[in-house]
Structure formats: C-alpha cells, structure tokens
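Trainee: Take a look at the following structure, please.
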Amino acid sequence: QVQLVESGGGLVQAGGSLRLSCVVSGTTYSIFNMGWYRQAPGKQRDMVATVSPGGSTTYADFVRGRFTISRDNAKNTVSLQMHSLEPEDTAVYFCNAQILLDDYWGQGTQVTVSS
C-alpha cells in the first residue's frame with residue numbers, strides 16, 4: 001500500500017521560512033512526477049511546484065522565486081523549501097506522487113503564516 005507522509009508544517013511569521021518534506025513508501029515502482037499542492041479554506045487545491053524524475057521543475061506563478069522543490073529518487077522523498085512566506089501562503093500543503101497511472105496524496109500538513 002502506497003503511503004505518503006508529510007512533515008515540516010507549522011506556524012511562522014511573515015517573511016520566515018519553512019521546509020516541507022514527504023516520504024513515499026509501499027511501492028517498488030519508479031515514481032514519475034512528484035509535487036506539492038496547497039488548499040486554503042474554501043478554495044480549490046492548487047499546484048505549487050512539481051519535479052520530474054530527472055529534476056525538471058515547474059512552479060506556480062505565485063511562488064515568484066520564493067520556493068524550491070527537490071527530490072531524492074533513491075530515498076523516494078520530495079521537499080519544498082519556502083522562503084519569504086506571506087500570510088497568503090497559509091494553507092494545507094499536500095504531497096503528490098505519480099506512480100504508473102495513479103496519483104497518490106499525503107494527508108496534508110498545515111502551514112500558517114502570521115502577519
């Protein structure tokens with residue numbers, strides 16, 4: 001059974017930094033794209049950043065150079081380093097992994113940025 005476990009969320013002041021991490025377990029197949037998504041109360045889930053197996057990255061426009069996604073294929077992990085956090089970044093952040101033709105999600109980790 002595939003499991004994604006996130007860690008690293010929390011409360012931070014505006015302008016601060018956080019690092020989110022996600023470990024994928026329960027699969028022997030290669031993981032295709034990995035990514036981070038976020039969902040604020042009453043809003044849809046939005047892509048934040050994705051990274052391919054080869055390290056190619058995509059970012060949402062609202063990231064504006066503040067976040068960096070990375071992955072370790074040997075350890076099946078993906079991380080999101082976030083700097084210059086803003087109150088608008090407050091949301092539940094979800095880890096995503098694409099394995100074969102399926103999407104798998106973590107349970108989410110809360111990020112709260114106070115002004």
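Each reported figure results from applying straightforward, stated rules to the coordinates on display, with no laboratory input. Note that the structure is a prediction, hence the values are computed from the model and not measured. Please note: Cβ atoms are built from the backbone with ideal geometry, for glycine as well, and neighbour counts cover all protein chains shown.
Trainee: Can you list the residues, at least 5 places off or on another chain, whose amide H is less than 5 Å from the amide H of G108, using H built in the peptide plane?
Mentor: When sequence neighbours closer than 5 places are left aside, the close amide H contacts are E6, C95.
Trainee: Please list, by residue number, everything in region 63-84 whose backbone N is under 17 Å from a paramagnetic label point 7 Å out along Cα→Cβ of K43.
Mentor: It comes to 63-67, 82-84, nothing else.
Trainee: Please give the direction-averaged projected area of the C-alpha convex hull for region 35-92, in square nanometres with one decimal.
Mentor: The Cα convex hull of region 35-92, projected and averaged over all directions, gives 4.2 nm².
Trainee: Moving to a separate point now. On a C-alpha basis, how far is the centre of region 45-106 from the centre of region 11-33 in Å? Whole number, if you could?
Mentor: 7
Trainee: Let me ask something else about it. Spelling out what I want: for every residue of region 45-56, take phi, set θ = phi - 60°, compute 6.51 cos²θ - 1.76 cosθ + 1.60 (Karplus), and round to whole Hz; glycine and proline get x.
Mentor: Couplings: 7, 10, 5, 9, 7, 9, 9, 7, x, x, x, 6 Hz.
Trainee: Which ³J(HN,Hα) values, rounded to whole Hz and listed in residue order, are derived for region 68-73 from phi using the Karplus coefficients 6.51, -1.76 and 1.60 in 6.51 cos²θ - 1.76 cosθ + 1.60 with θ = phi - 60°, glycine and proline given as x?
Mentor: My calculation for region 68-73 gives 9, 9, 8, 9, 10, 5 Hz in order.
Trainee: Given +1 on the Cβ of Lys and Arg, -1 on the Cβ of Asp and Glu, and no further charges, what dipole in debye does the chain carry about its Cα centre, rounded to the nearest 20?
Mentor: The calculation lands at about 140 debye.
Trainee: Give me, ordered by chain and number, the residues 5 or more places off G16 or on other chains with an amide H under 5 Å from its own placed amide H.
Mentor: L85
Trainee: Hey, another quick one. In terms of modelled amide H atoms, which long-range or inter-chain residues lie less than 5 Å from the amide H of G10?
Mentor: V111, T112
Trainee: Report ³J(HN,Hα) in whole Hz for each residue of region 95-105, in order, from the Karplus equation J = 6.51 cos²θ - 1.76 cosθ + 1.60 where θ = phi - 60°; Gly and Pro get x.
Mentor: Listing the rounded values in order: 8, 10, 9, 9, 10, 6, 10, 10, 9, 10, 10 Hz.
Trainee: Could you give me D for the chain, from Stokes-Einstein at 20 °C and 1.002 mPa s, where the hydrodynamic radius is the Kirkwood radius over C-alpha pairs? Units µm² s⁻¹, please.
Mentor: Numbers: Rh = 14.1 Å.
Result for D is 152 µm²/s.
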